[in-house]
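Notes follow the structure.
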Amino acid sequence: MRITLTDAGKRFNRDWIFRHLHYEFIAGRSYAITGPNGSGKSTLLQAIAGAMTISEGNVQYELSGSDAAPIPVDQAFRFISLAAPYLEVIEEMTLSEFLFFHQSFKPFLPGFGPGPIISLLGLDESAAKQIRYFSSGMRQRVKLAQAIFSDTPAVLLDEPCTNLDEDGIVLYRRLVTEHCSDRLLIISSNDRQEYDFCEEILNISGYKTASSC
C-alpha cells in the first residue's frame, strides 16, 4: 500500500497543526512521526488514517503490487488498522467476544483467530472476563492486537507502549517484528523505545507554521 500526502495541512481555528506536508509512505517500510507533546503527532496520524479530514492539500491511497489500484478516500479504512490510547474497546464484551466481533468486520491475518491471539497476548485466563475489568496494560495489549492482527496492508500505532509494563513492551516489539515487516507501519511517538527500529523519521515540528487566516 502507498499513502501520499500532497501539500497537506490541518488547521484548528486559526492555528495550523501542520502545513505544506509532502510525504509518501510505502508498504514494506516503517515510519515514525515524532515531535514534542502537543505538537500534532496524533492529528497527523488520524489524517493519514482517513479518520480526520485535512484542511488543505490531498491524501491519496493506493494498493501496490500486482493488484495496484487507487483506493477511494471513503474506503481507505478497509485497508488500515489503527491502535491509539484514545480509541476505546467495548467494555461490556468479554475478550473473546470482542475479538470475534472485530473479526466479523475486519478479518485477522491468515492462520490467526481469537484463541491463538489471546494466547499470544498472555491473556488466556481472562478470555471470558469482561474488558471493563481489565487493567490499563491489559487493555493496551488488546488494542495493539486488534490492529496488528487485522489483515490490512497498513498498520498505524499511536503511542503503542502506553500503560505497558516491561513484558508488554517486549511483546509489542515482538509482534511488530513478526507481523509488520512486509506491511506499511507508521508509529506516532516521542518515546524512542517505541520507534527506534523505524527506517524513516518524520518530525512534525518541521511542518509547523505561524497562525494564519
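The values are calculated or read from the model by the stated rules, or taken from the named source; none is laboratory data. No experiment lies behind these values; they were computed from the predicted model shown. Note: ideal-geometry Cβ built from the backbone for every residue, glycine included; neighbour counts use all protein chains shown.
Taking the criterion of being charged (D, E, K, R), buried (at least 16 other Cβ atoms within 10 Å of the Cβ) and touching a residue at least 12 places away in the same chain (Cβ under 8 Å), the only residue of the range 78-106 that qualifies is K106. Are any residues in the range 161-213 part of a helix (DSSP H, G or I), within 18 Å of T34 (Cβ to Cβ) and of a type in the set (G, A, S), and if so, which ones? If the condition is that a residue be part of a helix (DSSP H, G or I), within 18 Å of T34 (Cβ to Cβ) and of a type in the set (G, A, S), then S205, G206 are the ones that fit.
Just give me the residues in the range 63-77 being loosely packed, with under 14 Cβ neighbours inside 10 Å and either in contact with a helix residue (DSSP H, G or I) (Cβ under 9 Å, 6 or more places away or on another chain) or under 20 Å from D182 (Cβ atoms) (or both), in sequence order. Even if it seems obvious, please write down each step before you answer.
Pass one, the range 63-77, residues loosely packed, with under 14 Cβ neighbours inside 10 Å: 65-70, 72-75.
G65, S66, D67, A68, A69, listed by residue number.
Of everything in the range 12-45, what is in a strand (DSSP E or B) and either β-branched (V, I, T) or free of Cβ contacts under 8 Å to residues at least 60 places away in the same chain (or both)? Give them in sequence order. F12, I17, H22, E24, I26, I33, T34, listed by residue number. Every condition in (1) under 16 Å from L156 (Cβ atoms); (2) surrounded by 19 or more Cβ atoms within 10 Å (Cβ to Cβ); (3) at pLDDT below 95 holds for I33 except the one numbered (3).
Just wondering, is there one or more residues in the range 66-84 that are modelled with pLDDT under 95, charged (D, E, K, R) and either in contact with a Pro (Cβ under 7 Å, 6 or more places away or on another chain) or within 22 Å of K41 (Cβ to Cβ) (or both)? No, that holds for no residue.
When G9, G57, G50 are checked against the criterion of being under 18 Å from the mean Cα position of the chain (by Cα) and closer than 25 Å to Y195 by Cβ, G50 stands alone in meeting it.
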